[in-house]
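The values are calculated or read from the model by the stated rules, or taken from the named source; none is laboratory data. The structure displayed is predicted, hence computed values, not measured ones. Virtual Cβ from ideal backbone geometry, glycine too; neighbours counted across all protein chains shown. With ligands, DNA and RNA removed, areas are computed over all heavy atoms of the protein, side chains included. Shrake-Rupley method; radii C 1.70, N 1.55, O 1.52, S 1.80 Å.
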Amino acid sequence: MPEKVTYHQPVEIIPIVMATPSEDIAWGESSQTEQQSVVATTLPVPEAQVVTVAIDEPENEATPLVGPRHQQRHPSEGEGRSSVSSQLPAEHQQQTSTSFHDEADNDATKQCCSFVGKFRDWPFAVLFWIHLVVIIHVGLTNSSAGYERVVQDFNWTQLEQHIAESDDVSPEDLTQMESFIEDAYEWVQGYVDRIILYSMIPAAISAILLVDLTLTAVRPCTTTILTLSLLGSVITAILGALAILIAQPSVFGFFLACLLVGVTSFFACTVWPLRSFVGINLKVSLEGMAHNLGTYLWAIFFSNMCVVWVVFWFYTLFGLSFLIHIRCEDQLHRDEKLRLEKDDDDECNMGGGVFILLVMSLYWTTNVIINYLRCTIAGVMATWLYAKEDAKCCCSSAIWGSLMRGATYSFGSICFGSLVQGFVEFLRCIITSAKRNRTSMTNGHDDGCCGGLCFCIIECVANLGGDTLDYFSQWNYIYIALYGYTYVESGKAVMRLFRTKGWELNTDGSMSIISERLTSYVLGSLSIAIGITTGTVVLFTERIVTGSHQDSQNESYVYGPLPNWRIFAFLIGFLIGLVMSSILMHVVKGAVNTFIVCWADNCSRIEAEHPAMSHMILEAWQRSFPHSSRLSEGPIPIPHPT
């Protein structure tokens, strides 16, 4: 494993010897006598400039906080690595070895031990648990009381009389409404359980199986899948353009068709050179998650937690709203003077402050659950990259260790980042609602250019800021999971990573950040394909079940007299398949991002654990970026978090 050597030297050309594997080795094989070729390069060293070079002796390198320290090996141990230090000028060898070991020992010790027993951003964790207890208490007590009062005060006869006295409702309309309510009640009583048993459960099971089969089939040929996805997107855009021209044969239709084809073709041409590098990233991530299948199960569990929380939040919101409204009306009935003063029904609605706090709670809690899952995925993937012996089974110690670190030492940082994201999402929601209310108040007509332009600019800035924060946050949580950083420190580390490794628009036109977008695009395409297949499976299952019940009086035994039941059945299967596959693909995407960070931070340590895989990565990088070697320059100096 390379170490960092710091020295000062006037401008001269120093030969730096780097060793790379000379032959491709199949994954899963390891050889202590692997043949290697030595490639000599030269680096100019400016005067009074701190230079970091790679040498043997890996013990003192700053270490990510995953995996045991006794498993930090290096290919130089028994593999005939060439030493860079031997190529340095003789007058600098003693200076570099002495100055480096003293600093590296202290830095490595601080970096490793700073995570243990130290809680990051802990006030935000305390605040989150307090808020969660308050919301649960309000939901179980006040909201439940509100629903009890609604059931107690509800009078169907009085409601029917009120509707009958309305001038807009005729007796025939009232009879049809009563008949519809009775039919809907009978349908719910007789067919909802059949839909759950014969449609939803088979859809969920088939979606999980399809994801497993898809990822297993994609793993050996990721680059081919990327190529087919890009070609398929261009073909789909051309077909869509033809459909637009047929439906709208005009200048505007021609413009839309050209825009669709042009944007899609530009994206495909831009990311086309990155296919090899993105393909190997995806292959490595799938390989790592295949050894830790329990991560997928935890992803499903946390997604169900999000659904449960959203349902409970709506239960709390409506119940508390009912209770506030009923208590306000009771007070008005008791106080006639107060009733005369509050002649507006809005006075009895929930206050704006309570509603804002509830909305912030919704965004904050859901973001905490999602980001906790991100940290878990990052910890598991990094452990497999750096210490694969600890991450080789479904319920490995890497999974439990990542869960424990995320729930203890890093939970405050997760809560802090989630609060920032939730606040930005809340502002976007407020701006969108204000724009919608303004449009409804003006009946769709703009009351002035200035007002509409201001709203448009504010909405654009809010969306841009929110999207930027969401993008960089997914990298922040990787550093939180790996090194135990605070949320602010992780953000600085991400920016340092992008600046140091040059992950931006380079002079040769290569854009590395787009590789992450390409991964998301491919995984999204696979999710849509799985959703369509799951919808077809639901239709096929319904035909089998209906065929086995010949005594059914309706065309469908599962859906009964429901009109257009085929569309309804396909939508159920499609949505369940899309959601389930998106959840599991989120694990793969998180693993890809973690691999990119780990490789950029410490590629030599990954090479020690996975030599054959590292050779394939370097080859893919050279094919995608033939004029750049920034990704293989060695580890980034990681400062000790304050």
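Some points to look at:
- Matching residues in the stretch 384-433 - criterion: being in a helix (DSSP H, G or I), of a type in the set (A, V, I, L, M, F, W, C) and open to solvent by 40 Å² or more (accessible area, probe 1.4 Å): Trp400, Met404, Ala407, Phe416, Leu419, Val420, Phe423, Leu427, Cys429, Ile430
- Criterion: open to solvent by less than 60 Å² (accessible area, probe 1.4 Å), modelled with pLDDT under 90 and of a type in the set (Asp, Glu) - qualifying residue of Glu504, Glu516: Glu516
- Hey, Ser629 at pLDDT below 80 and open to solvent by 10 Å² or more (accessible area, probe 1.4 Å) or not: yes
- Residue match in the stretch 190-202 (condition: open to solvent by 20 Å² or more (accessible area, probe 1.4 Å) and touching a helix residue (DSSP H, G or I) at 6+ places or on another chain (Cβ under 6 Å)): yes
- Residue in the stretch 170-182 that is at pLDDT below 80, open to solvent by less than 100 Å² (accessible area, probe 1.4 Å) and small (Gly, Ala, Ser) present: yes
- The stretch 530-548, residues that are free of Cβ contacts under 8 Å to residues at least 12 places away in the same chain and assigned to a helix (DSSP H, G or I): Phe540, Arg543, Ile544, Gly547
- Look at the stretch 557-576: where a residue is touching a residue at least 40 places away in the same chain (Cβ under 8 Å) and a partner is basic (Lys, Arg), sitting 6+ places away or on another chain with Cβ atoms under 7 Å, you get Val558/Arg194.
- Unique match (being under 30 Å from Ile135 (Cα atoms), open to solvent by less than 40 Å² (accessible area, probe 1.4 Å) and of a type in the set (S, T, N, Q)) among Ser276, Ser285, Ser233, Ser303: Ser303
- Residues located in the stretch 135-167, provided they are charged (D, E, K, R) and modelled with pLDDT of 70 or more: Glu148, Arg149, Asp153
- Residues (free of Cβ contacts under 8 Å to residues at least 40 places away in the same chain and either in contact with a helix residue (DSSP H, G or I) (Cβ under 9 Å, 6 or more places away or on another chain) or outside any helix (DSSP H, G or I) (or both)) located in the stretch 462-487: Ala462, Asn463, Tyr471, Phe472
- Taking (1) β-branched (Val, Ile, Thr); (2) under 24 Å from the mean Cα position of the chain (by Cα); (3) open to solvent by less than 40 Å² (accessible area, probe 1.4 Å); (4) under 30 Å from Ile136 (Cβ atoms) in turn, Thr316 satisfies each apart from (2).
- Pairs, first of a type in the set (S, T, N, Q) in the stretch 592-603, second at pLDDT 80 or above, C-beta under 7 Å, six or more apart: Asn593/Gln474; Asn593/Trp475; Asn593/Ile478; Thr594/Ile377; Thr594/Ala378; Thr594/Met381; Thr594/Ala382; Thr594/Ile478
- Number of positions in the stretch 581-608 that are open to solvent by less than 10 Å² (accessible area, probe 1.4 Å), over 20 Å from Tyr483 (Cα atoms) and hydroxyl-bearing (Ser, Thr, Tyr): 1
- Of residues in the stretch 549-567 being open to solvent by 80 Å² or more (accessible area, probe 1.4 Å) and of a type in the set (S, T, N, Q), the one modelled with the highest pLDDT: Asn564
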